[in-house]
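The values are calculated or read from the model by the stated rules, or taken from the named source; none is laboratory data. What you see is a predicted model, and the numbers here were worked out from it, not measured in a lab. Cβ sites come from the backbone with ideal geometry, for glycine too, and all protein chains shown count toward neighbours.
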Amino acid sequence: MDKKLPFHGVKVLEWTQAINGPWTGMYFANFGAEVIKIESTKFPEMGRTSSPYKDNIPGFDRSITFNIFNAGKKSFTLNLREDRGREIFFKLVKWSDIVLQNQRPGLMKKMSYGYEDLKKIKEDIILIEVSIMGQEGPMVGVGGWGSNSMAQSGQFYYYRFPEDEPSSPGFTAVPDVIGPIFAAMAGIAALDYKRRTGKGQHLDISQMEPLVHFLGPAILDYTVNGRVQPPVGSRDPHAAPHNAFRCKGDNKYCVIAVFTDEEWRCFCDVLGHPDWTNSAKFSTLEARKQHETELEEWVNKWTEQFSPQEVMTMLQKAGVPAGIVQNAQDIVDFDPQVKARNLLIKMHHPVVGDYLHTRWPFILSKTPADIQTGPLIGEHNEYVCTEILGMTEEEFVESIIHEIIT
Amino acid sequence: MLNGLRALDLTTEMGFFCGKVLAQFGVDVIKIEKPGGDTARRFGPFWHDEDDPEKSLYWFAYNESKRGITLDIETGEGQDILKKLILKSDFMIESFPVGYLDKLGLGYRELSKINPRLIMTAITPYGQTGPFKDYKATDLIAMAGGGIMSLTGRPGGLPCRLSPDHAYCLTGANAALATMIAYYYRTWSGEGQYIDTSLFECAVRENYNEVPVSWKFGRRNSGRNGTLMFRYNVFTRTIWPCKDGHVTWTLFAGTIGASENKNLTQWLEEEGLHEEIKDIDWDKFGFDGITQEKIDGIERPIFELFKRHTKKELEEESLRRGLRISAINDVKDLYENRQLYFRKYWKTIEHPELSEQIIYPGQLFISSEMNAEPRHRGPLIGEHNDQIYKDELGFNDSTLADLKNKGVI
């Protein structure tokens, strides 16, 4: 593939931590941009100190998840608080098209690295600042992490069956996946805007704002009808049967979603039209919703005989949406679609060794992503100093000694 | 924002969100529905519960800022019309089954010959290739396949999908991003291309902590822990009941944890609840080797404290005292949220046919130069037929009447 990638020639400077910021930068890094991540061995970012580590031994280059969130970037350790470090930072700003950050809201401004400060250095700089709720405001407070974002944005409220309390999906911070998608789009629109007008801009992206759009119908149900739409768990107001159903084995479930009359007919065909399916209680969607608990008991009696794979295959072949409630092992080791689509790609990191990485879930026919592994900490110090900043070798070594490159 | 661009949107509910996002970025998105309108117009909630295809709040929410025409692409005339429209379009978004458009002579191979700059975004349940390519998937099926469902729900309870139609929105957002990446490529190369994305793959990518890391390196499948999280070999609570609902707060160690926990202890003292934890040195506190008993002892008074207060009170105190408590907002709480209000988030959109204005979610982000707000309401059925067919394509009234009679539009 010798086609140049979409962001060929685009330069991104990021000072990011954890997931929200780094994930945003990865889209640019994996589609051709040169992305330099500013780091520090004195104040390593969370990604560098998160387990699991290679062989369970901590180390800045031994964290596997760092590579999941920073694939394809360059690493430059810089002391941002020291005068000559600041000089270097501003030189890099001049070099960049985009500056990206997700430090605590207000921090960069306090350090005189805010938009107005950067604009003085480079008039058309694009500054992308990502956070849970925005850079300023009455509730920005001391910040938060994934669960704060899921709570604030209205997500957690729905993560439950109606009779239960809300539940957390383990460590998965859903907004840290969704926020970056919108931040990257905003960045691309800004690059395009600059191409047309010559102007840069300041982007303040709050995870909350796009996430509320995910709840669009429920929001309108409130603003129009005054109703607070309750959680329905794995059921759905427009379908029945629609839920997770028990299968053979421990903690094994399938999912079935019957929306149309046609799908109900096909579903009954697969079951062999047992007597219960002929009852008026189940003949229309409305009737099935009215008797949903009883319906689900009957369906469970059927699914319990089979593995989730068997249920999925039988129903899908008959045109009924059905699937498996998969865990990580199912997806990584067994799922045939994952394998056929090369969704998990083999990567190699000099310290971590071989590992799997989930590629982006979209394939561009002419310019597919080019995903490289994450950098060792400070791996590109010499490159940045000599190639980008034009330092001599002596100047580079001096910078290390004076702890500017650190 | 994005300037002078047009998208043809031939999606069903699994793909609505893509065009909606692009429309909010300034693209002229034209929703193409079969005559009579999308089936999803029958999904509630409805405006004042009036079950009407032009009063579906579900449909309006996910198709806001688009224009709309009707067209039956299974007819020869319909296919010709689509090709005419493709000439003037930058993007085409579709969510048809694999191979459907090819069979109609409207696949990427054909359409890119007509317009080499076209960017075609195909959204399917499982992708254009693979053993499941002809399978059907809805939001539930995708979220189950992706793995997050196995992590969500009460311990010992059923697996729970996330917010309603979460996979549709997630995939729509991913598709919009992919479309914009392809667009940026085109700005300097002049070339369009084809984008293949799916509900299932987006759901798997969202499950970043488990796949592949947790399984491959931790050799474990995390289970459903409900309101708790399993960390450092103990369960810590992350979702807490309060007087009028729930909040989230999590016990941390380290420097951030230390300052927060000291502030929290201070508050517990003021409420006479700090007996069990007053002797803990938070600067030294760590999770290494900690017992469940110790954790429970710390969380007991906090549980009691939270139960005494409402969501609003807990948030106020949290801000005042430097804590990280967040209310678990329902849509009413969201609407009253001070931060969204400060950001001037809520947008009033005209619905003249309903004789009212409706309040919608607003900007996707704030920019010093660009406007990322919703533009206008989604279309009524065939609302822009005249504008597109007469004004742009130059059909006269009798041609239009003819097409309508034949069911082409």
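Just to be sure before I move on: is residue A:76 within 14 Å of chain B (Cβ to nearest Cβ) and at pLDDT 95 or above in the structure I sent?
Here the answer is no, as residue A:76 does not meet what is asked.
Please find, within the stretch A:185-221, the residue that is farthest from the other protein chains (Cβ to nearest Cβ) out of those that are more than 25 Å from residue B:326 (Cβ to Cβ), of a type outside the set (Lys, Arg) and in contact (Cβ under 8 Å) with a residue 12 or more places away in the chain.
Ranking the qualifying residues of the stretch A:185-221, first place goes to A:198.
Are any of the residues in the stretch B:214-226 outside any helix (DSSP H, G or I), aromatic (Phe, Trp, Tyr) and more than 29 Å from the chain's Cα centre (by Cα)?
no
Going by the structure shown, is residue A:165 in contact with a strand residue (DSSP E or B) (Cβ under 7 Å, 6 or more places away or on another chain), buried (at least 23 other Cβ atoms within 10 Å of the Cβ) and either over 29 Å from residue B:358 (Cβ atoms) or more than 7 Å from every other protein chain (Cβ to nearest Cβ) (or both)?
The answer is no for residue A:165.
Given the criterion of a type in the set (Ser, Thr, Tyr), under 25 Å from residue B:218 (Cβ atoms) and surrounded by fewer than 23 Cβ atoms within 10 Å (Cβ to Cβ), identify the matching residue among A:112, A:40, A:63, A:50.
A:50
Please note which helices (runs of 4 or more DSSP H) are completely contained in the stretch B:8-89 and include at least 2 residues that are over 25 Å from residue B:101 (Cβ atoms).
B:57-62
Considering only the stretch A:121-137, state which residues are under 15 Å from residue A:201 (Cβ atoms) and not hydrophobic (A, V, I, L, M, F, W, C).
Passing the criteria: A:122, A:123, A:124, A:129, A:135.
Please go through the stretch A:306-317 and pick out each residue that is in a helix (DSSP H, G or I), of a type outside the set (A, V, I, L, M) and more than 7 Å from chain B (Cβ to nearest Cβ).
Listed by number, the residues that qualify are A:308, A:309, A:310, A:313, A:317.
Considering each residue of the stretch B:134-164, count those that are among the charged types (D, E, K, R), in contact (Cβ under 8 Å) with a residue 40 or more places away in the chain and part of a loop (DSSP other than H, G, I, E, B), and give that number.
1
Among the residues of the stretch A:207-220, which ones are under 30 Å from residue A:11 (Cα atoms) and touching a Leu at 6+ places or on another chain (Cβ under 9 Å)?
A:208, A:209, A:210
Kindly indicate whether any position in the stretch B:74-97 is out of contact with any Pro (no Cβ under 8 Å at 6 or more places or on another chain), away from chain A (no Cβ under 14 Å), surrounded by fewer than 18 Cβ atoms within 10 Å (Cβ to Cβ) and on the phi > 0 side of the Ramachandran plot.
no
Anything in the stretch A:250-265 that is within 20 Å of residue B:157 (Cβ to Cβ) and either buried (at least 18 other Cβ atoms within 10 Å of the Cβ) or within 8 Å of another protein chain (Cβ to nearest Cβ) (or both)? List them, or say none.
Of everything in the stretch A:250-265, those that are within 20 Å of residue B:157 (Cβ to Cβ) and either buried (at least 18 other Cβ atoms within 10 Å of the Cβ) or within 8 Å of another protein chain (Cβ to nearest Cβ) (or both) turn out to be A:251, A:252, A:253, A:254, A:255, A:256, A:257.
Going by the structure shown, is residue B:146 farther than 14 Å from residue B:168 by Cβ, in contact with an Asp or Glu (Cβ under 7 Å, 6 or more places away or on another chain) and at pLDDT 95 or above?
Against the criterion (farther than 14 Å from residue B:168 by Cβ, in contact with an Asp or Glu (Cβ under 7 Å, 6 or more places away or on another chain) and at pLDDT 95 or above), residue B:146 does not qualify.
Exactly one of these conditions fails for residue A:323: (1) without any contact (Cβ under 8 Å) to a residue 60 or more places away in the chain; (2) in contact with a strand residue (DSSP E or B) (Cβ under 6 Å, 6 or more places away or on another chain); (3) small (Gly, Ala, Ser). Give me its number.
For residue A:323, the failing item is (1).
Starting from residues that are of a type in the set (A, V, I, L, M) and crowded, with 17+ Cβ neighbours inside 10 Å, keep the ones in the stretch A:91-109 and report whichever is nearest to residue A:78 (Cα to Cα).
Looking at the filtered set, the residue picked out is A:92.
If the Cβ limit is 9 Å and pairs must be 6+ apart or interchain, which residue in the stretch B:316-345 that is at the interface with another protein chain (Cβ under 7 Å from one of its Cβ atoms) and surrounded by fewer than 24 Cβ atoms within 10 Å (Cβ to Cβ) pairs with which residue that is of a type in the set (Lys, Arg) and part of a loop (DSSP other than H, G, I, E, B)?
Partner pairs satisfying both residue conditions: B:331/A:227.
Would you pick out the residues in the stretch A:236-249 that are under 18 Å from residue B:156 (Cα atoms), of a type outside the set (Phe, Trp, Tyr) and buried (at least 21 other Cβ atoms within 10 Å of the Cβ)?
A:243, A:244, A:247
Go through the stretch B:178-198 and count every residue that is part of a helix (DSSP H, G or I) and either more than 7 Å from chain A (Cβ to nearest Cβ) or crowded, with 24+ Cβ neighbours inside 10 Å (or both).
Total meeting the criteria: 10.
What's the number of the only condition in (1) of a type in the set (A, V, I, L, M); (2) more than 21 Å from the chain's Cα centre (by Cα); (3) within 14 Å of chain B (Cβ to nearest Cβ) that residue A:150 fails to meet?
(2)
Please go through the stretch A:222-231 and give me each residue that is more than 7 Å from chain B (Cβ to nearest Cβ) and hydrophobic (A, V, I, L, M, F, W, C), ordered by number.
Scanning the stretch A:222-231 gives no hits.
Residue B:323 - would you say it is under 26 Å from residue A:130 (Cβ atoms), in contact with a helix residue (DSSP H, G or I) (Cβ under 8 Å, 6 or more places away or on another chain) and of a type in the set (A, V, I, L, M, F, W, C)?
yes
Which residue is surrounded by the most Cβ atoms within 10 Å (Cβ to Cβ), if the candidates are limited to the stretch B:207-223 and must be in contact with a Ser or Thr (Cβ under 9 Å, 6 or more places away or on another chain) and more than 7 Å from chain A (Cβ to nearest Cβ)?
B:223
Scan the stretch B:120-133 residue by residue and report those that are over 22 Å from the mean Cα position of the chain (by Cα) and either crowded, with 24+ Cβ neighbours inside 10 Å or assigned to a helix (DSSP H, G or I) (or both).
If the condition is that a residue be over 22 Å from the mean Cα position of the chain (by Cα) and either crowded, with 24+ Cβ neighbours inside 10 Å or assigned to a helix (DSSP H, G or I) (or both), then B:132 is the only one that fits.
Give the residue that is farthest from residue B:8 (Cα to Cα), with candidates limited to residues of the stretch B:20-64 that are small (Gly, Ala, Ser) and more than 13 Å from chain A (Cβ to nearest Cβ).
The selected residue is B:36.
Scan the stretch B:237-253 and give yes if some residue there is in a strand (DSSP E or B), facing chain A (nearest Cβ under 7 Å), on the phi < 0 side of the Ramachandran plot and surrounded by fewer than 21 Cβ atoms within 10 Å (Cβ to Cβ), otherwise no.
Yes, the stretch B:237-253 contains at least one residue that is in a strand (DSSP E or B), facing chain A (nearest Cβ under 7 Å), on the phi < 0 side of the Ramachandran plot and surrounded by fewer than 21 Cβ atoms within 10 Å (Cβ to Cβ).
Looking at the structure I just gave you, is residue B:156 more than 8 Å from every other protein chain (Cβ to nearest Cβ) and within 30 Å of residue B:235 (Cβ to Cβ)?
yes
Can you pull out the residues in the stretch B:128-153 that are closer than 14 Å to residue B:205 by Cα and facing chain A (nearest Cβ under 7 Å)?
Once the filter is applied, which keeps residues that are closer than 14 Å to residue B:205 by Cα and facing chain A (nearest Cβ under 7 Å), the stretch B:128-153 yields B:144, B:145, B:147, B:148, B:149.
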